[in-house]
Amino acid sequence: MQTPAIISFRNFPRSDAVASRIEEKIRKLEQYYDRIISCRVVVQAPHRHNTKGKLYQVHIHLGLPGDDIVVGKDSAKDHSHEDVYIAVRDSFEALRRQLKKHVRQIRNRHVMSAPDPVYGT
């Protein structure tokens, strides 16, 4: 990655363990696409319910050459996101799927635009 990842925590104190897990997930993304320019991650605990606990939300903005991928996992109905690690995992899994789709589209564009070696077109 060209710039260091920016990891922010909102509505709860910074956790080095969560930040470390996020950095690990970002490194794994680079296995799929090594031209990542930037990554900004915001982990927030927006709501406090007496019976439901905190439902964490993870928003990720991944900067790529000529494009960006943004994931904002809405955990309002997903009670598994009471665990911040599960919220991080789910958001990065959604980001990974979108990144793989982006890479496939890039490869398809290059294949379609490449000249035919037999006909030269």
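The values are calculated or read from the model by the stated rules, or taken from the named source; none is laboratory data. Only a predicted model underlies this, so the values are computations on that prediction, with no experimental measurement involved. Neighbour counts are summed over all protein chains in view; Cβ atoms, including those assigned to glycine, are modelled from backbone coordinates with ideal geometry.
Observations on the structure shown:
- Residue in the stretch 71-87 that is of a type in the set (A, V, I, L, M, F, W, C), modelled with pLDDT of 90 or more and touching a Lys or Arg at 6+ places or on another chain (Cβ under 9 Å) present: yes
- Verdict on Arg35 being in contact (Cβ under 8 Å) with a residue 12 or more places away in the chain and part of a helix (DSSP H, G or I): no
- Of all residues assigned to the stretch 21-33, none qualifies as being within 17 Å of Arg96 (Cβ to Cβ), touching a Cys at 6+ places or on another chain (Cβ under 8 Å) and at pLDDT below 85.
- Count - residues of the stretch 1-12 that are in a loop (DSSP other than H, G, I, E, B) and touching a residue at least 12 places away in the same chain (Cβ under 8 Å): 6
- For first residues located in the stretch 13-30 and within 17 Å of Ile60 (Cβ to Cβ), partners that are among the aromatic types (Phe, Trp, Tyr) and in a helix (DSSP H, G or I) and lie 6+ apart or on another chain with Cβ distances below 6 Å form the pairs Lys25/Phe92.
- Checked across the stretch 49-64, the condition of being within 25 Å of His102 (Cβ to Cβ), in a loop (DSSP other than H, G, I, E, B), touching a Pro at 6+ places or on another chain (Cβ under 9 Å) and at pLDDT 90 or above holds for no residue.
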